[in-house]
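Engineer: Sharing a structure here in structure tokens format.
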Amino acid sequence: MPQFYELNLRDYWNIFLKRKLIFVMSFLVIFLSIFFYTSLQIPSYQADVLLKIDIYMGIPTDLVFSTMTSRYWKSLDELSDYTQQIVSRPVLQQAAIELGMVMPGMSKRENSRLISKINSRVSAARVTTQKESNLIKLSVRGPDPQEAADLANKMFEIFKRENTKQKNQRIRNVRIFIDDTLEIVSEKLKEQEERLRELTTQGAIGSGVNIVDQIYAMEKEYTTLTSKYTESHPTVVRLRQQIDNLKLKLKALPKEEFEYGILKRDISINEKLYISLKQKLQETQIKEAEKIDNVILINPAIAPLKPYYPNKKKNYTVGIMLGLLFGVTTALVTEHLDTSIGRVDDIESFIKVGVLGIIPYCVERKRDRDKKERGLLGALIGKKSEKKDLYANTSIFEFDHHHSSIFLEAFRILAVNVQVLFGERGRIKNKVILITSCNPEEGKTVVASNLSITFAQMGYKVLLIDTDTRRSSIHKMFGLKKKEMGFTDILMGKSDFDSVIKTATDLMLGSVGADKVIDKPWLNNLNIITAGSVFPNTINLFNSDKMEESIRYYRDKYEIIIIDTSPVLAVSEPSIIIPKVDGVALVYKAGATSRLALRRAKIQIEGVKGKGALSGVVLNNVTPEIGLDTYYYYSRKYYGEREMPTKGA
């Protein structure tokens with residue numbers, strides 16, 4: 001079964017030891033930044049006053065007509081007003097004067113600046129709890145703890161005093177209003193009662209009173225009905241007719257009787273109003289005598305012992321935690337981003353597998369053969385030599401034209417190492433070698449193609465098979481017109497074993513042309529099988545008996561079979577083919593692929609074939625920045641500075 005690699009504590013410890021300098025520097029940067037920032041801050045102390053607003057104490061304007069419920073909700077709404085009033089500029093101004101903060105002779109501008117400064121250091125907020133709360137907390141901050149406490153207490157004292165004064169002034173105004181209204185109502189009642197006696201002496205007996213009461217009752221009912229029905233509703237029409245009839249009946253009475261009924265009704269209303277006002281007057285007089293005060297002190301402000309800001313203990317703790325987190329994160333990110341491995345023995349010690357070859361990243365300087373072609377302008381602007389990326393752009397058929405380059409020598413060394421590993425008495429016989437990589441675009445196809453060419457130049461009978469059906473490119477590198485009639489066609493039974501083999505003749509008929517093939521006799525030793533036609537589920541093809549039969553057939557015909565397959569971590573096909581081959585070479589692109597991906601690829605290969613299944617690693621795309629000793633050995637000792645690669649991958 002495949003194995004899956006996960007980081008354990010030992011791996012994290014190794015990363016920490018390796019990146020300890022980065023970890024320590026990251027930790028110190030964060031912690032020292034917070035430490036110095038905290039140390040440079042001016043300590044600020046906060047003093048708090050907790051006060052309560054009695055919401056059940058009557059509000060003066062509600063003393064005339066109100067209920068306890070309306071008073072309660074109106075008081076709750078006004079709590080937000082109290083929080084604004086206690087930190088208002090008049091309160092701050094008076095507190096500053098009484099505490100001696102406002103010096104004699106201070107200009108208006110200086111005074112305004114002082115009050116603004118104090119205002120920036122005070123705040124008030126309603127204390128929120130699960131239930132409705134009528135508590136307010138007044139907070140004052142400042143560099144002097146005693147001054148902050150004194151200012152908070154003084155602000156509360158002034159607010160309480162002014163609030164009491166305003167409340168009682170309002171109660172007095174209400175009491176005066178009720179007195180005046182009572183006097184008016186009393187005079188009006190006297191006049192109405194006097195007129196009522198006069199009508200009685202004139203013979204009025206009050207026969208119209210009942211009619212007036214009926215009219216008032218019906219009009220009230222009429223108002224209720226019209227809120228539900230239209231004017232044309234039968235009930236509304238009938239009631240309107242009854243009211244009109246009663247009014248006609250009332251008008252038909254003698255004038256004295258008509259006036260008597262109206263006057264009797266008005267007297268009844270005014271008497272009720274008089275009694276209500278008399279009751280409210282008594283309540284107001286009681287409130288005025290009590291000197292109403294609904295602001296209650298719960299906790300006075302005391303000088304704080306510790307600064308409110310900065311909280312050094314909290315800041316230093318946060319600095320340590322953030323420093324550790326940032327240090328660990330930086331170390332892990334650096335380890336993850338550091339995909340290159342500096343030395344060959346680093347790879348071998350990391351995954352316990354030998355390095356078969358080192359393929360450099362090669363560039364060629366295209367020198368100007370005739371400097372005169374550049375002209376005077378080219379000389380003045382200092383035109384640099386153009387660079388050609390041999391690794392990415394050179395045709396496979398131009399490979400041997402660079403016989404003096406380290407690029408070719410690297411593949412020769414790789415071929416020799418493979419020959420030593422798989423050869424018997426110095427010669428490879430009937431071996432199947434699979435070339436894969438961790439991820440796409442690591443150069444496995446280039447390595448497989450050039451290794452096949454190198455073996456063909458060494459005189460081996462070589463077969464190169466493209467099994468990377470998802471992103472096949474062998475046919476493009478060798479100039480073949482199409483990939484069809486290839487390996488998948490054999491597995492599907494569309495073609496036989498020999499008909500899909502591409503020889504030097506097929507290469508001549510390709511896009512490269514016969515002139516570039518005819519002078520390469522070693523191509524007679526190289527045969528190619530392209531990927532073949534597209535099949536929706538290649539896993540079934542590679543897992544079939546036809547696959548086993550194909551490998552047996554070609555193994556008997558060729559000395560070396562090189563299979564170019566898909567990346568082992570990207571797709572599942574390599575895991576099907578690996579158990580069927582003699583050796584696996586893993587191409588690792590230095591500077592681009594995570595070292596953890598390299599180890600996971602090794603575990604994946606060993607999971608399907610067994611321990612030791614990975615024959616070796618081909619380190620590809622090596623640049624001077626990688627720092628490999630072997631690389632410098634190639635470039636300096638044997639080839640000199642002129643052939644050194646100058647561009648990183």
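Quick grid of which residues meet (1) outside any helix (DSSP H, G or I); (2) of a type in the set (Phe, Trp, Tyr):
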| residue | (1), (2) |
| --- | --- |
| ASP506 | no, no |
| ASP519 | yes, no |
| GLU548 | no, no |
| TYR554 | no, yes |
| PRO574 | no, no |
| THR593 | yes, no |
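Engineer: All but one of (1) free of Cβ contacts under 8 Å to residues at least 60 places away in the same chain; (2) part of a helix (DSSP H, G or I) hold for SER186; which doesn't?
Structural biologist: Against the list (1) free of Cβ contacts under 8 Å to residues at least 60 places away in the same chain; (2) part of a helix (DSSP H, G or I), SER186 comes up short only on (1).
Engineer: Moving on to the next point. In this structure, does VAL568 turn out to be of a type outside the set (D, E, K, R), touching a residue at least 60 places away in the same chain (Cβ under 8 Å) and surrounded by fewer than 15 Cβ atoms within 10 Å (Cβ to Cβ)?
Structural biologist: Details: of a type outside the set (D, E, K, R): yes; touching a residue at least 60 places away in the same chain (Cβ under 8 Å): yes; surrounded by fewer than 15 Cβ atoms within 10 Å (Cβ to Cβ): no.
So VAL568 fails the test.
Engineer: Let me ask something else about it. Out of the residues in segment 139-168 that are part of a helix (DSSP H, G or I) and among the small types (Gly, Ala, Ser), which is surrounded by the fewest Cβ atoms within 10 Å (Cβ to Cβ)?
Structural biologist: ALA149
Engineer: Follow-up. What number of residues within segment 452-474 satisfy the criterion of being buried (at least 22 other Cβ atoms within 10 Å of the Cβ) and under 48 Å from the mean Cα position of the chain (by Cα)?
Structural biologist: Of the residues in that region, 6 qualify.
Engineer: I'd like to verify a number: residues in segment 213-248 that are loosely packed, with under 12 Cβ neighbours inside 10 Å and under 60 Å from the mean Cα position of the chain (by Cα), how many?
Structural biologist: Residues in segment 213-248 being loosely packed, with under 12 Cβ neighbours inside 10 Å and under 60 Å from the mean Cα position of the chain (by Cα): 2 in total.
Engineer: If you don't mind, another one. Of the residues SER533, SER499, which is in contact with a Ser or Thr (Cβ under 8 Å, 6 or more places away or on another chain), of a type in the set (S, T, N, Q), in a loop (DSSP other than H, G, I, E, B) and surrounded by fewer than 19 Cβ atoms within 10 Å (Cβ to Cβ)?
Structural biologist: After applying the criteria, what remains is SER533.
Engineer: Further question: Starting from residues that are crowded, with 17+ Cβ neighbours inside 10 Å and of a type in the set (Val, Ile, Thr), keep the ones in segment 408-438 and report whichever is farthest from ASP556 (Cα to Cα).
Structural biologist: ILE413
Engineer: Here are some residues: ILE136, ILE171. Which one is crowded, with 16+ Cβ neighbours inside 10 Å and modelled with pLDDT of 85 or more?
Structural biologist: ILE136
Engineer: A further question follows. Let me spell it out: the conditions are (1) closer than 24 Å to LYS476 by Cα; (2) out of contact with any Leu (no Cβ under 9 Å at 6 or more places or on another chain); (3) acidic (Asp, Glu), and ASP564 meets all of them except one. Which number is the exception?
Structural biologist: (2)
Engineer: Residues in segment 111-138 that are within 21 Å of TYR82 (Cβ to Cβ), more than 37 Å from the chain's Cα centre (by Cα) and assigned to a helix (DSSP H, G or I): how many?
Structural biologist: Counting residues in segment 111-138 that are within 21 Å of TYR82 (Cβ to Cβ), more than 37 Å from the chain's Cα centre (by Cα) and assigned to a helix (DSSP H, G or I) gives 2.
Engineer: Of the residues that make up segment 579-596, is at least one more than 36 Å from the chain's Cα centre (by Cα), surrounded by fewer than 24 Cβ atoms within 10 Å (Cβ to Cβ), more than 24 Å from LEU526 (Cβ to Cβ) and touching a residue at least 12 places away in the same chain (Cβ under 8 Å)?
Structural biologist: Checking segment 579-596: at least one residue is more than 36 Å from the chain's Cα centre (by Cα), surrounded by fewer than 24 Cβ atoms within 10 Å (Cβ to Cβ), more than 24 Å from LEU526 (Cβ to Cβ) and touching a residue at least 12 places away in the same chain (Cβ under 8 Å).
Engineer: I'm checking my understanding of the structure. Among residues of segment 592-621 that are touching a Phe, Trp or Tyr at 6+ places or on another chain (Cβ under 9 Å) and farther than 28 Å from LYS431 by Cα, which one is modelled with the highest pLDDT?
Structural biologist: The residue in question is LEU596.
Engineer: Considering only segment 560-577, state which residues are modelled with pLDDT under 90 and touching a strand residue (DSSP E or B) at 6+ places or on another chain (Cβ under 6 Å).
Structural biologist: none
Engineer: Of LYS580, LYS546, LYS516, LYS557, which residue is farther than 28 Å from ASN417 by Cβ and at pLDDT 90 or above?
Structural biologist: LYS546
Engineer: Continuing with the same structure: When you scan segment 503-560, how many residues do you find that are out of contact with any Phe, Trp or Tyr (no Cβ under 9 Å at 6 or more places or on another chain) and among the charged types (D, E, K, R)?
Structural biologist: Final tally of qualifying residues: 8.
Engineer: Let me ask something additional. What are the pairs with Cβ atoms under 6 angstrom where one residue, in segment 93-113, is over 15 Å from GLU157 (Cβ atoms) and the other, located anywhere, is of a type outside the set (Asp, Glu) and not in a loop (DSSP other than H, G, I, E, B)? Sequence gap at least six, or different chains.
Structural biologist: Every condition considered, the pairs that remain are VAL102/ALA96.
Engineer: When the residues of segment 303-315 are filtered to those that are in a helix (DSSP H, G or I) and in contact with a helix residue (DSSP H, G or I) (Cβ under 7 Å, 6 or more places away or on another chain), which remaining residue is surrounded by the most Cβ atoms within 10 Å (Cβ to Cβ)?
Structural biologist: This residue is ASN315.
Engineer: Which residue pairs have Cβ atoms under 7 Å apart, sit 6 or more places apart or on different chains, and have a first residue in segment 218-233 that is assigned by TED's automatic domain parsing to the domain that holds ASN245 and a second that is hydroxyl-bearing (Ser, Thr, Tyr) and modelled with pLDDT of 85 or more?
Structural biologist: LEU225/THR235; TYR229/THR235
The values are calculated or read from the model by the stated rules, or taken from the named source; none is laboratory data. These numbers were taken from a predicted model, which means no experiment stands behind them. Methodologically, a virtual Cβ is constructed for each residue, glycine included, from the backbone with ideal geometry; neighbour enumeration extends over all protein chains shown.
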